[in-house]
Amino acid sequence: MEVTALCSRLLIVLLGAHIQKSSTQNHDAALHIVTERLQLFEYTPFSFLCEGLGSALRGFRNNNELIQGCYNIDSSTLNCTIPEAYAIESGLYWCEDEKGEKSNSVDITVTGGSVILESPVLPVMDGESVTLSCRNKASILSADFYKDGRLIWTSPTGIITLENVSKSDEGLYKCSISEGGESPESWLTVRESGEVLNEDMRSLLHFSVLLWTAIIIFILVLALLVLGVLHIKHRVTVCEEDQNDVTYAVVVTKPRHRAFHTLRFILDAADAADNPSLSIETDHSRNPQTEAESGYKNSPSAEEPLYAPVMKDSFGKLRDAPSD
């Protein structure tokens, strides 16, 4: 039973390790920016949510600076709000739970300029459409859009849409407005569907390997345990059969000195009748022997039974047991 419990614990540990790994891989969707913007004008309030990381959530930024304006909506959701964002508050934002598990980080840029670029906060899938907007504090004007420092499009409305994006569209984007200035750069992440599928397949394959390894180990240990129990049971049965094959025979030794003494008495009587002088000698010479015989007669060992073990052979016949 202890071995079975140990195998069960091993299986649970392996499954728990996989679940924890999967949870870590899914943290990139745990941190949500409510404004859905990576760039903010200075003095603009913004907030973000942390979800699904467990209890006792906390918000951080940059060098592990704890954000004070956070509160729990429920046991697994944290809301962090900054009433007025300053340029010095630009940087990475993330959340942690009580065990130190971290969410993905989001790079927030707070600019003191007059132009910002609105772009997707989370990675986009290849084949999707992406909208980029260039705006200043007043309105949306004609703007130029750049990728990795190179002009790619000029829009009279300040908005462009990238159709059917691919991995080649991934990079740093910014925009500029005539007589308005230039926005900070933001990174656009494009994930290939095959990449996501491969990650899911690898995760599933890893889980299957762990699961089958645990099952095989459990079966092997259980089989060894059963074989051990059967072996012990077989040995106990053999020992019991050996004990049942021993038969004890009682051998009683019967005293024969009485018949011998009677015969000698008759012979002595016959000799005495023929030779009277011999009878006296005979009586004296026989007395010690008679006393010895009498001692043998009265000896407890004369009537004591003897026990001898007798074994049965494979044919059911009796045979003497080997002596020690």
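Taking the criterion of being touching a helix residue (DSSP H, G or I) at 6+ places or on another chain (Cβ under 9 Å) and either loosely packed, with under 15 Cβ neighbours inside 10 Å or aliphatic (A, V, I, L, M) (or both), the residues of segment 81-116 that qualify are I82, I108, V110, G112.
Checking every residue in segment 65-85 against the condition of being under 25 Å from W187 (Cα atoms), aromatic (F, W, Y) and modelled with pLDDT of 60 or more gives zero matches.
Among residues of segment 55-80 that are at positive phi and surrounded by 12 or more Cβ atoms within 10 Å (Cβ to Cβ), those with a Cβ under 7 angstrom from a residue that is among the charged types (D, E, K, R) and at pLDDT below 85, sequence gap 6+ or separate chain, pair up as A56/D97; A56/E98. Against the numbered list (1) in the same structural domain as I159 (by TED's automatic domain parsing); (2) at pLDDT 85 or above; (3) surrounded by fewer than 19 Cβ atoms within 10 Å (Cβ to Cβ), L141 comes up short only at (2). In the set (1) at pLDDT 85 or above; (2) closer than 21 Å to D144 by Cα, the condition left unmet by K167 is number (2). Look at segment 88-105: where a residue is farther than 21 Å from V121 by Cβ and a partner is surrounded by 15 or more Cβ atoms within 10 Å (Cβ to Cβ) and among the basic types (K, R), sitting 6+ places away or on another chain with Cβ atoms under 9 Å, you get D97/R58; E98/R58. Of all residues in segment 153-190, those being of a type outside the set (G, A, S), over 20 Å from L122 (Cβ atoms), without any contact (Cβ under 8 Å) to a residue 40 or more places away in the chain and surrounded by 14 or more Cβ atoms within 10 Å (Cβ to Cβ) number 1.
The values are calculated or read from the model by the stated rules, or taken from the named source; none is laboratory data. Quick caveat: nothing in here was measured; it's all calculated off a predicted structure. Positions of Cβ are backbone-derived with ideal geometry, glycine not excepted, and every protein chain shown enters the neighbour counts.
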